[in-house]
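Taking it in order: structure first as structure tokens, then the write-up.
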Amino acid sequence: MTTLVDLRSDTVTRPTDAMRAAMLAAPLGDDVFGDDPSVNALQAKIAELLGFEAALFVPTGTQSNFCAILAHCQRGDEYIVGQMAHCYRWEGGGAAVFGSVQPQPLDHQPDGSLALADIEAAIKPDDAHFARTRLLALENTLGGKLLPMDYMEQATRLAAQRGLARHLDGARLFNAAVAQAAQRGTGALDEARRIAQCFDSVSVCFSKGLGAPVGSALCGSRELIARAHRVRKMAGGGMRQAGMLAAAASHALAHHIDRLAEDHALARRLAEGLAGIDALKVEAPQTNLLFVDLMGEAQARSAELLAHLKQQGVLATGLYRLRFATHLDVDAAGVDRAIGAIRSFFAH
């Protein structure tokens, strides 16, 4: 095939021509000295957009969550988090390994939430036998699912009443905001700020659906961001002429938020195109991530299926449960090609 339909993740996007132009035109300084104007502009922009005092530009979402947890917690503290949350399961245990901060993972409910009763029960008493519970960490979206707004308000209110700080891994916050805006008939920026204001800190990723080549931001109070800045330095996250990367993120914020609705529509198109295949159980997507379970004898053919798709110019990931991500570099023709490739595999 001359072109690939890469559905492995929304991290595979390439900068658009307009984004590349913005990167080349970015005024630069040295961000370690705090004088890169493009980084400073991005930090001010994302903080204002989400309603916080300050923000910190970091290379990755993993480092953003790491800086947040260590800014909120000290050695011997713990954070409450979901079993499938990225900052617990897929970030190398960094908070525990480098920060001596203990995670307290909880099981998820079917909608991705953590039961309020489970959160309440996990908060440790003030006793020397226990780690000190200091933080509740939630994720939106989680596996492409939108956390209900009323749930987030209740969970974060409970945490605050119990003296806990609240952190949101909002790697796909703007996907959540676009989906929530569609439900409520409001604007995506309004919903992003509404979600963010439930929390004391929010991590936002620019290199997923927003299409920047790299980078995340951590938002919070000036005091919290000052602590996070120190953690970023220890973690080796200080970059020099980082303005070229920050300019890509600023361009994404200005031009790539509302278009996330197109990715959500393409995920639905893919789901509808796979409906009716007996070997597949298709989970209705809420945003840009589609999960498909292989059923029965099809489970033994997962590697064969992925190889067939690759031969047809379609890339995907998974084993018994496949994940497809729509994004900036996938169009309707690409989705239809993926549907055709999958259907042809199960036709014989």
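Descriptive notes on the structure:
- Alpha-carbon geometry of the stretch 41-106: the Rg and the Dmax are 13.1, 38 Å, given in that order.
- Residues whose amide H lies under 5 Å from that of VAL314, counting only those 5 or more places away or on a different chain, are VAL5; hydrogens are built 1.01 Å from N in the peptide plane.
- Assigned charges on the beta-carbon of Lys, Arg, Asp, Glu; the stretch 39-190 dipole about Cα centre (debye): 200
- Alpha-carbon gyration tensor eigenvalues x 5, square-rooted, for the stretch 196-305, Å: 38, 17, 15
- Taking a ≥ b ≥ c as the square roots of the eigenvalues of the Cα gyration tensor, the stretch 167-219 is classed as oblate, since a/c reaches at least 1.5 and a/b does not exceed b/c.
- J(HN,Hα) series, the stretch 233-241, from Karplus relation 6.51 cos²θ - 1.76 cosθ + 1.60, nearest Hz, glycine and proline x: 4, 5, 7, x, x, x, 10, 8, 7
- Alpha-carbon radius of gyration plus Dmax, which is the widest Cα pair, for the stretch 245-295 in Å: 15.1, 47
- Rolling a 1.4 angstrom probe over the protein heavy atoms with all chains in place gives the stretch 205-348 an accessible area of 44 Å² per residue.
- Working note: Karplus 6.51/-1.76/1.60 with θ = phi - 60° gives the stretch 53-68 the couplings 6, 8, 8, 10, 7, 10, x, 9, x, 4, 5, 5, 5, 4, 4, 5 Hz, where Gly and Pro are set to x.
- With a cut-off of 13 Å between beta carbons, the residues surrounding PRO59 carry a summed charge of +2, where Lys and Arg count +1 and Asp and Glu -1.
- Long-range HN-HN contacts of LEU106 with modeled amide H, under 5 Å: VAL81, GLY82, GLN83
- Net charge over other residues, Cβ less than 10 angstrom from the Cβ of ILE339 (K, R count +1; D, E count -1): +1
- Solvent-accessible surface (1.4 angstrom probe) belonging to SER113, in square angstrom, nearest 10: 10
- Accessible area per residue was computed with a 1.4 Å probe on protein heavy atoms; GLU272 scores about 130 Å².
- Gyration tensor analysis over the Cα atoms of the stretch 137-254 returns equivalent ellipsoid semi-axes of 25, 20, 11 Å (largest first, whole Å).
- For the chain, built as a Gaussian network whose Cα springs stay under 10 Å, the top-fluctuating residue of ALA303, ALA217, ALA192: ALA303
- Nearest-ten-degree value, helix 243-255 long axis tilted from longest Cα axis of the chain: 60
- Applying the Karplus relation 6.51 cos²θ - 1.76 cosθ + 1.60 with θ = phi - 60° to the stretch 79-93 yields 3J(HN,Hα) values of 10, 8, 7, x, 4, 9, 5, 4, 6, 9, 8, 10, 10, x, x Hz, where x marks Gly and Pro.
- Normalised convex hull volume, the stretch 195-250, alpha-carbon set, Å³ per residue: 97
- The DSSP beta bridges internal to the chain are antiparallel in roughly 50% of cases.
- With every protein chain in place, the stretch 211-348: carbon and sulfur % of accessible area (1.4 Å): 52
- For the stretch 272-336, the percent of C-alpha pairs falling in each 5 Å distance bin, counted from 0 to the bin holding the largest distance, reads 4, 16, 26, 30, 18, 5, 1.
- Rolling a 1.4 Å probe over the protein heavy atoms of the stretch 9-116, with every protein chain left in place, gives an accessible area that is 56 percent carbon and sulfur.
- Kirkwood Rh, Cα atoms: Rg over Rh of the chain: 0.98
- Figure legend: label point modelled 7 angstrom from the Cα of GLN299 along Cα→Cβ; residues of the stretch 250-280 with amide N under 18 Å from it are 278-280.
- The relative contact order of the stretch 226-348 comes to 24 percent, based on Cα pairs under 8 Å that sit 6 or more residues apart.
- Charge dipole of the chain (Cα centre as origin; +1 on each Lys and Arg Cβ, -1 on each Asp and Glu Cβ, all else neutral): 400 debye, rounded to the nearest 20.
- Label-to-label distance for ASP126 and SER221 is 1.9 nm, based on points extended 7 Å past Cα in the beta-carbon direction.
- Working note: Cα atoms of the stretch 1-79, range along each principal axis, descending, whole Å: 54, 33, 24.
- MET244 accessible area, 1.4 Å probe, all protein chains in place, Å² to nearest 10: 70
- Charge tally around GLY237: other residues with Cβ under 13 Å, Lys/Arg +1 each, Asp/Glu -1 each, net +3.
- Sum of -39500 (n - 2.57) over DSSP H runs of 4+, divided by residues of the chain (222 nm, nearest 500): -13000 deg cm²/dmol
The values are calculated or read from the model by the stated rules, or taken from the named source; none is laboratory data. Note that the coordinates shown come from a computational prediction; the quantities given were computed from them, not determined experimentally. FYI the Cβ positions are ideal-geometry reconstructions off the backbone, even for glycines, and counts take in every protein chain you see. For the accessible areas, the whole protein counts, side chains as well, though only heavy atoms, and no ligand, DNA or RNA atoms are used. Shrake-Rupley method; radii C 1.70, N 1.55, O 1.52, S 1.80 Å.
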